[in-house]
């Protein structure tokens, strides 16, 4: 597998879906962010001038924007360069949100994380600026939480990425308690005596430069290293193609169905409830598992039911809902085939509470 670079204006959306999204092949777009005001304007000097006093925390320590830029550019050599330094745009740098629009760059669509449910900050939808200095790299190889696909928009400097094609999970030794993180401590110097299966892995490394956007398919292991001072913007994508593995990654479809059936009515809020309904075509018993469509890798949309999971073409923000006969009106209504009524928890909770007590944003792996 090679990671190609294509001119965004010369590449069709349909071509991207068939050749990269569905088969899980990374791709680098050139000049996809040309329409952003951030394009060619987000530099270390610009960030110092505009937001020099803004603060963020890196590994428990607080830094200002000016301090971070001085460190990554080598103007301050009195202490190590922290990595990764990140700012959550909507809350820490809200003035910059409009400068990265349109966020989907014509290819990252439809994105259900842009719906009202996910904008609340639960289980994804993070929009973050990442800042790094030369040599700054991830301490571990990972894949993004919940099988979301990653979009990294490089706005300043060069960053080297390494990816591992789908199907090499065993070679990367996921940690027993954290399936999203590799247990290999130094991927550049792997101890094959301790991790012998890694000898079969086929890492692919490439550089992403200013004005380029990297698409990383959901479930793909990857890591990154800054070669120069870098500024990038990262966000995630969720839609029909990766919704089933996304849900399994968060709570597991089996557990979700057990919770629903145990209480007779929906205990799941919002899109989670719809997801359990979507997996079960009308009239189909819970124990019957629909066959998966081979056109979608690793547990994609169920065959014969994809029309229920795909959003209308004219409404890219709509999350899965029943088609024609049993379309849900909003997130908090039940359809006839899944039972009537709403639970109090669905009505009263603004968070997606799945019974594990977690009312918080997910922790994003650093880019």
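Do we find that residue 62 is without any contact (Cβ under 8 Å) to a residue 24 or more places away in the chain and either surrounded by fewer than 20 Cβ atoms within 10 Å (Cβ to Cβ) or within 29 Å of residue 9 (Cα to Cα) (or both) in this structure? Judged against the criteria, residue 62 is a match. Is it the case that the range 22-41 has a residue that's in a helix (DSSP H, G or I), surrounded by 17 or more Cβ atoms within 10 Å (Cβ to Cβ) and on the phi < 0 side of the Ramachandran plot? There is no residue in the range 22-41 that is in a helix (DSSP H, G or I), surrounded by 17 or more Cβ atoms within 10 Å (Cβ to Cβ) and on the phi < 0 side of the Ramachandran plot. In summary, residue 106 fulfils each of the numbered conditions (1) modelled with pLDDT of 90 or more; (2) surrounded by fewer than 21 Cβ atoms within 10 Å (Cβ to Cβ); (3) on the phi < 0 side of the Ramachandran plot with the single exception of condition (3). Taking residue 91 as the residue in question, decide whether it is touching a strand residue (DSSP E or B) at 6+ places or on another chain (Cβ under 9 Å), on the phi < 0 side of the Ramachandran plot, surrounded by fewer than 22 Cβ atoms within 10 Å (Cβ to Cβ) and free of Cβ contacts under 8 Å to residues at least 40 places away in the same chain. Considered against the rule, which asks whether it is touching a strand residue (DSSP E or B) at 6+ places or on another chain (Cβ under 9 Å), on the phi < 0 side of the Ramachandran plot, surrounded by fewer than 22 Cβ atoms within 10 Å (Cβ to Cβ) and free of Cβ contacts under 8 Å to residues at least 40 places away in the same chain, residue 91 comes out as no. Test residue 72 against the criterion of being in contact (Cβ under 8 Å) with a residue 60 or more places away in the chain, in contact with a helix residue (DSSP H, G or I) (Cβ under 9 Å, 6 or more places away or on another chain), farther than 30 Å from residue 243 by Cβ and crowded, with 16+ Cβ neighbours inside 10 Å, and give yes or no. When the stated conditions are applied, residue 72 passes them.
Okay, residues lined up against (1) under 25 Å from residue 242 (Cβ atoms); (2) modelled with pLDDT of 95 or more; (3) in contact with a helix residue (DSSP H, G or I) (Cβ under 7 Å, 6 or more places away or on another chain):
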{"position": "19", "(1), (2), (3)": "yes, yes, no"}
{"position": "38", "(1), (2), (3)": "no, yes, yes"}
{"position": "45", "(1), (2), (3)": "no, yes, no"}
{"position": "52", "(1), (2), (3)": "no, yes, yes"}
{"position": "66", "(1), (2), (3)": "no, yes, yes"}
{"position": "85", "(1), (2), (3)": "no, no, yes"}
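A quick yes/no check of all residues on (1) in contact with a strand residue (DSSP E or B) (Cβ under 6 Å, 6 or more places away or on another chain); (2) surrounded by fewer than 24 Cβ atoms within 10 Å (Cβ to Cβ); (3) part of a strand (DSSP E or B); (4) at pLDDT below 95:
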residue: 123; (1), (2), (3), (4): no, no, no, yes
residue: 126; (1), (2), (3), (4): no, yes, no, yes
residue: 131; (1), (2), (3), (4): yes, no, yes, no
residue: 135; (1), (2), (3), (4): no, yes, no, yes
residue: 139; (1), (2), (3), (4): no, yes, no, yes
residue: 146; (1), (2), (3), (4): no, yes, no, yes
residue: 151; (1), (2), (3), (4): yes, yes, yes, no
residue: 160; (1), (2), (3), (4): yes, yes, yes, no
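For residue 78, the criteria (1) closer than 28 Å to residue 217 by Cα; (2) over 22 Å from the mean Cα position of the chain (by Cα); (3) loosely packed, with under 14 Cβ neighbours inside 10 Å hold in every case but one, which is (1). Counting only residues that are in contact with a helix residue (DSSP H, G or I) (Cβ under 7 Å, 6 or more places away or on another chain), closer than 20 Å to residue 175 by Cβ and outside any helix (DSSP H, G or I), the range 191-219 holds 4 of them.
For the residues 205, 182, the requirement of being touching a residue at least 40 places away in the same chain (Cβ under 8 Å), closer than 26 Å to residue 21 by Cα and surrounded by fewer than 19 Cβ atoms within 10 Å (Cβ to Cβ) singles out 205.
Under 16 Å from residue 104 (Cβ atoms) and surrounded by 15 or more Cβ atoms within 10 Å (Cβ to Cβ): is that true of residue 51 in this structure? Answer is no for this residue.
The values are calculated or read from the model by the stated rules, or taken from the named source; none is laboratory data. Not measured: the values here are computed from a predicted model. A quick note on method: Cβ atoms are made from the backbone with ideal geometry, for glycine too, and the neighbour counts reach across all protein chains shown.
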